[in-house]
Amino acid sequence: MNLNRNFISITSVLIIMFLLIKPLLSYFYASFYVYDLPISVNAEHYSIQGFFNQLKYANQYMVNFYVSIKVALLGTFFSCLFSCMVAYGLSIFKFRFLKLFYCILIFMILIPEFVKVFPFFITLKTLGLLNNDLALWLPYVAPSLSIFIIKYYIDVVMNKEVIEAARIDGAGEWRIFYSIMLPILKPAIAIIVVVQFTHFWTAYDLSILIMNEDELKNLAHINLYVFPLSIIGSMIVVVPSLVLFFAARSIVDFLNLYGK
Amino acid sequence: MKFIDVMPYRIKNTLVSHSFILPLIFVFFVFNLFPLVNSFYVSFFLDYYTEARFVGFDNYRNLENEVKGLGYALLNILIFLPICVVVIQIIALFSAKLITRTPKIIQNSAIIILFLPFMLPESTISSIFANMFFSETGLLANMIIWINDHAFTREIMTVFGEGTVDKVDFLNRNRSDSPVVFIYTYILFCWVIKYCGFFCLIYYISLQSIKNDIVEAAMLEGASVKDVFYKIEIPMIKSMIGMMAILSLIFLLSKSTLLVSMSRSVLPDQERYMFSVHGLLYDLWANVSMLGATTWVYVLFLVAMFLIGFILFKLIRYLLK
């Protein structure tokens with residue numbers, strides 16, 4: 001009976017996995033397609049040459065690739081650092097207006113990014129940040145969701161006596177932050193790195209609106225324009241996030257930590 | 001540095017503690033509050049960049065005439081988004097439960113595969129599914145052709161009263177008058193694929209964090225797997241479900257590429273089919289004053305929606321007690 005139940009669960013999960021992976025795999029097959037037609041079931045048209053043809057065609061977007069890499073790396077680094085700083089500050093110190101800061105965080109989550117984009121454009125124009133890749137990552141260096149995740153980790157998992165002990169030993173707050181907190185927060189930071197890198201790597205709207213010239217836009221913008229290019233573009237876009245996901249083994253550690 | 005060292009402890013502590021949350025304060029004031037206040041100010045003027053004539057609340061009064069379809073767009077959000085949230089949460093929760101009952105190797109593979117669509121840009125997801133749903137050569141069209149070409153599938157279809165299956169124009173390339181049901185199905189499908197994995201992962205972690213002792217004790221008392229799931233696990237992760245529902249609503253509202261492409265290219269230009277406010281905001285790009293007014297109407301609508309939701313939630317909880 002138990003075996004029967006497990007069999008049903010396993011089959012159901014495999015079906016769900018198949019349903020999720022099938023469209024993505026179809027798209028991957030289509031990157032080997034020689035002609036400019038949408039996805040077809042005729043396997044005879046697939047060729048490795050088709051993939052290289054499309055890759056050659058996408059070569060003109062190498063400039064956008066560098067912009068994407070630069071924005072994603074800088075954005076991920078600073079957003080992770082500042083998320084940890086803010087979460088540490090909110091968890092450890094006592095503020096007079098602590099509730100106000102929580103309201104700020106909730107407000108930043110509550111109002112959708114898209115609504116803010118248009119007034120935000122006017123602000124960037126005022127600050128002279130248009131056509132500057134700084135505008136693609138600077139506004140997102142303190143993401144509310146990441147701050148909440150780190151704060152949750154500090155409040156639930158971490159033993160705060162370590163900080164008290166360090167203070168007694170004479171360590172300053174910044175010293176405690178980078179020598180004690182950051183190493184302890186590693187599993188949570190791994191999750192934030194994946195989420196933030198994905199966010200900066202796939203940021204699409206802002207790049208379209210802020211950058212006037214095609215050379216300054218990031219890679220995600222090429223997906224919607226031309227059909228055969230959109231396939232190879234998707235392949236290129238997903239690879240770094242995927243590599244990062246596999247590299248971040250700490251995610252599994254984090255899951256196991258809660259699994260116990 | 002010596003200046004800091006000789007400071008009174010209280011002032012020094014305040015300075016150090018506030019220096020940690022300085023990035024949050026900077027981002028909030030410069031990139032969140034200032035743009036919204038600025039757009040509120042702009043919304044009181046006509047032709048802000050040329051003559052900047054102060055008109056008071058006239059822009060808000062003229063919204064109905066100037067911005068066609070705003071009411072329908074808000075109504076669409078009000079009706080369709082909660083449906084999407086409920087569907088995504090239910091599928092994610094049940095998928096997470098199923099995953100916890102499989103061997104470890106399948107669990108690890110499922111997590112990676114479920115997370116994969118979340119890592120793709122929304123533009124890519126919409127591109128993939130636009131090709132899947134394309135009425136001439138898409139995967140679904142191929143499936144329909146395959147069903148129509150084979151005798152045994154045609155026989156199965158006759159049971160339902162139809163010999164052949166008609167082509168479904170999900171993307172409304174023919175600009176028909178009533179595309180709404182198919183378009184909604186298409187958007188729902190894309191959103192489920194894109195976000196379900198992320199929420200499934202969160203529920204998986206939550207279900208894993210429930211101590212085995214409680215489940216085992218319930219099983220010894222004779223509770224079935226169904227009982228454990230409905231009467232122990234769901235009540236224990238109730239707060240997480242509520243949080244994820246709000247988070248999914250925010251995700252769906254903020255990720256706009258799909259909505260914009262739906263509103264602008266796929267749906268016909270009739271105002272009653274304008275799917276969301278996102279497309280309207282794009283169209284108002286040249287008219288900054290009306291854009292400011294529409295932005296603020298939308299912000300107030302969202303705040304009202306969340307407040308009503310919160311009050312309803314409290315009321316239901318009070319009544320259930």
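The values are calculated or read from the model by the stated rules, or taken from the named source; none is laboratory data. These numbers come from a predicted model, not from an experiment. A quick note on method: Cβ atoms are made from the backbone with ideal geometry, for glycine too, and the neighbour counts reach across all protein chains shown. Only protein heavy atoms, including side chains, enter the accessible area calculation; ligands, DNA and RNA are left aside. Shrake-Rupley method; radii C 1.70, N 1.55, O 1.52, S 1.80 Å.
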message = Quick check on my filter: what residues within the range B:93-108 are in a helix (DSSP H, G or I) and facing another protein chain (nearest Cβ under 7 Å)?
response = B:S95, B:L98, B:I99, B:I106
key: Close pairs from the range A:59-70: first modelled with pLDDT of 75 or more, partner of a type in the set (F, W, Y), Cβ under 7 Å, at least 6 apart   = A:S68/A:W201
key: Per-region count, the range B:12-25, residues more than 7 Å from every other protein chain (Cβ to nearest Cβ) and within 28 Å of B:G292 (Cα to Cα)   = 1
ask   = Among the candidates B:Y60, B:Y41, B:Y49, which residue alone is within 30 Å of A:L206 (Cα to Cα), part of a loop (DSSP other than H, G, I, E, B) and out of contact with any Cys (no Cβ under 6 Å at 6 or more places or on another chain)?
value = B:Y49
message = Among the numbered criteria (1) modelled with pLDDT of 85 or more; (2) aliphatic (A, V, I, L, M); (3) open to solvent by less than 50 Å² (accessible area, probe 1.4 Å), which one does A:L73 miss?
response = (3)
inquiry  = Exactly one condition in (1) farther than 30 Å from A:F200 by Cα; (2) crowded, with 18+ Cβ neighbours inside 10 Å; (3) more than 7 Å from chain A (Cβ to nearest Cβ); (4) at pLDDT below 80 is false for B:G138; which is it?
reply    = (3)
task = Go through the range B:202-251 and give me each residue that's under 20 Å from A:I109 (Cα atoms), of a type in the set (V, I, T) and open to solvent by 30 Å² or more (accessible area, probe 1.4 Å).
result = B:I202, B:I241, B:I246
message = Restricting to the range A:191-241, name every residue that is modelled with pLDDT under 70 and either closer than 18 Å to A:V117 by Cα or among the polar types (S, T, N, Q) (or both).
response = A:Y204, A:D205, A:A220, A:H221, A:N223, A:S230, A:S234
message = Condition check: open to solvent by 10 Å² or more (accessible area, probe 1.4 Å), more than 9 Å from every other protein chain (Cβ to nearest Cβ) and free of Cβ contacts under 8 Å to residues at least 60 places away in the same chain. Does A:I122 satisfy that?
response = no
query = Within the range B:33-47, can you find the residues that are open to solvent by 10 Å² or more (accessible area, probe 1.4 Å) and under 19 Å from A:F101 (Cα atoms)?
reply = B:L33, B:F34, B:V37
ask   = Residues of the range B:67-81 being in a helix (DSSP H, G or I), open to solvent by 60 Å² or more (accessible area, probe 1.4 Å) and in contact (Cβ under 8 Å) with a residue 40 or more places away in the chain, which ones?
value = B:Y72, B:L78
ask   = Using beta carbons and a limit of 8 Å, which pairs, at least six apart or on different chains, have the first residue in the range B:26-40 and more than 7 Å from chain A (Cβ to nearest Cβ) and in contact (Cβ under 8 Å) with a residue 12 or more places away in the chain and the second one surrounded by 16 or more Cβ atoms within 10 Å (Cβ to Cβ) and not β-branched (V, I, T)?
value = B:F40/B:G292; B:F40/B:W296
task = Go through the range A:66-90 residue by residue and tally those that are within 14 Å of another protein chain (Cβ to nearest Cβ) and either among the aromatic types (F, W, Y) or over 24 Å from the mean Cα position of the chain (by Cα) (or both).
result = 4
query = B:Y9 passes all but one of (1) closer than 30 Å to B:C190 by Cβ; (2) open to solvent by 70 Å² or more (accessible area, probe 1.4 Å); (3) among the hydroxyl-bearing types (S, T, Y); which number fails?
reply = (1)
task = Being open to solvent by less than 50 Å² (accessible area, probe 1.4 Å) and either over 16 Å from A:G89 (Cα atoms) or of a type in the set (F, W, Y) (or both) is the filter here, so list the residues in the range A:137-164 that pass it.
result = A:W137, A:L138, A:P139, A:Y140, A:Y153
